[in-house]
Amino acid sequence: MPSELLLTISDLSVTYEVDPPVKAVSDVSLELRRGEVLGLAGESGCGKSTLAYAVQRLLKPPAVIDSGTVVFHSHDKGDIVINELDDRQMRDFRWDQCSMVFQGAMNALSPVTCIGKQLADVFTTHRPGMSKAEIRKECGDLLDIVGVGADRLKTFPHELSGGMRQRVMIAMALALKPQLMIMDEPTTALDVLVQREILEQITELRQRFGFSVIFITHDLPLLLEISDRIAVMRAGKIVELNTADEIYFHPQHEYTQRLLKSFPSLTGDRKDFSYGTAGLDNDDLKGGAR
């Protein structure tokens with residue numbers, strides 16, 4: 001397993017300042033290694049997406065980062081304390097050092113602009129010195145890499161399937177060769193066969209380009225298959241963090257055990273998959289968002 005650190009999250013807390021306030025992320029500390037796939041699992045509303053948005057400083061009011069630091073250990077720019085970046089520096093950091101495939105990303109493409117132009121916008125914004133010919137070649141190469149094909153540069157999003165649109169979003173996230181890609185439920189709303197193709201492609205691209213991945217989903221069995229380590233999140237807290245094998249064979253926290261039991265096996269005896277709140281204290285039952 002890779003050992004060089006890429007990202008360090010220390011005691012990060014996020015509150016939604018509504019009435020009453022909701023502590024969406026509570027004192028979360030995580031480390032991500034270079035080249036690693038870190039799975040972030042938990043039920044809807046536990047704070048997974050809020051944590052990812054906080055890392056990229058994409059949170060909008062009423063969400064507020066209360067405390068904690070996020071440090072990105074760039075191989076070419078040294079340690080970057082994300083909390084201390086101004087708006088211009090933050091715009092430079094996003095996509096260049098760390099990109100994100102958002103939840104529901106396949107619907108994020110503009111319906112009135114061809115995909116080639118939308119890909120090109122990444123380069124014209126972040127690589128203004130590139131010529132039009134260079135940008136066009138890069139965009140075609142990216143579509144070839146993700147299996148869409150350079151001949152689709154002039155295609156509009158409505159002419160593509162959901163899986164193809166998701167591949168275009170992955171190509172966009174890869175455009176500037178970032179060191180970290182955050183993927184927020186990238187296979188949601190895709191059928192199981194297309195999910196499989198997308199996951200295989202993410203694995204292949206990671207091996208090819210060496211970037212790290214934070215993969216967010218409520219689908220724990222999926223994470224067990226693709227992750228090096230898994231962090232299990234419950235009500236804004238990390239309740240368990242271990243290797244995928246240890247999470248599967250020796251889960252320590254009751255919530256992790258319940259998550260594993262909630263997915264029925266194709267073989268063996270029937271089990272009780274009911275979920276209750278036994279064993280969870282009042283703090284565990286509060287908050288959590290997104």
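The values are calculated or read from the model by the stated rules, or taken from the named source; none is laboratory data. Only a predicted model underlies this, so the values are computations on that prediction, with no experimental measurement involved. So basically every Cβ, Gly included, is an ideal-geometry build from the backbone, and we count neighbours across all protein chains shown.
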Evaluate the following for V168: is it surrounded by fewer than 22 Cβ atoms within 10 Å (Cβ to Cβ), among the aliphatic types (A, V, I, L, M) and part of a helix (DSSP H, G or I)? no
Being in contact with a Gly (Cβ under 9 Å, 6 or more places away or on another chain) and in contact (Cβ under 8 Å) with a residue 40 or more places away in the chain narrows it down to one residue among Q179, Q195, Q166; which is it? Q179
Residue in segment 71-79 that is more than 22 Å from A231 (Cα to Cα) and in contact with a His (Cβ under 6 Å, 6 or more places away or on another chain) present: yes
Check whether at least one residue in segment 106-128 is closer than 21 Å to A52 by Cα, without any contact (Cβ under 8 Å) to a residue 40 or more places away in the chain, out of contact with any Phe, Trp or Tyr (no Cβ under 9 Å at 6 or more places or on another chain) and part of a loop (DSSP other than H, G, I, E, B), and report yes or no. no
From (1) surrounded by fewer than 21 Cβ atoms within 10 Å (Cβ to Cβ); (2) closer than 26 Å to S212 by Cβ; (3) under 20 Å from the mean Cα position of the chain (by Cα), pick out the condition that doesn't hold for D191. (2)
Scan segment 103-126 for residues that are within 24 Å of the chain's Cα centre (by Cα) and among the charged types (D, E, K, R) and jot them down. D121
Could you tell me whether segment 13-20 includes any residue that is modelled with pLDDT of 95 or more, in contact with a Leu (Cβ under 8 Å, 6 or more places away or on another chain) and within 28 Å of H218 (Cβ to Cβ)? yes
Enumeration of residues in segment 131-157 that are outside any helix (DSSP H, G or I) and either over 25 Å from R206 (Cβ atoms) or in contact with a Lys or Arg (Cβ under 8 Å, 6 or more places away or on another chain) (or both): S131, V146, G147, V148, L153, K154, T155, F156
Restricting segment 36-47 to residues that are modelled with pLDDT under 95 and of a type outside the set (G, A, S), the one farthest from L7 (Cα to Cα) turns out to be E43
Identify, from the list T15, T8, the residue that is β-branched (V, I, T) and crowded, with 20+ Cβ neighbours inside 10 Å. T15
Taking the condition of being outside any strand (DSSP E or B) and farther than 16 Å from V28 by Cβ, how many residues in segment 57-74 meet it? 4
Among (1) of a type outside the set (S, T, N, Q); (2) farther than 22 Å from Q179 by Cβ; (3) crowded, with 19+ Cβ neighbours inside 10 Å; (4) modelled with pLDDT under 95, where does G147 come up short? (3)
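Table: residues versus (1) touching an Asp or Glu at 6+ places or on another chain (Cβ under 6 Å); (2) buried (at least 18 other Cβ atoms within 10 Å of the Cβ); (3) modelled with pLDDT of 95 or more.
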| site | (1), (2), (3) |
| --- | --- |
| V81 | no, no, yes |
| C98 | no, yes, yes |
| Q103 | yes, yes, no |
| K117 | no, no, yes |
| A120 | no, yes, yes |
| S131 | no, no, yes |
| R152 | no, yes, yes |
| F156 | no, no, yes |
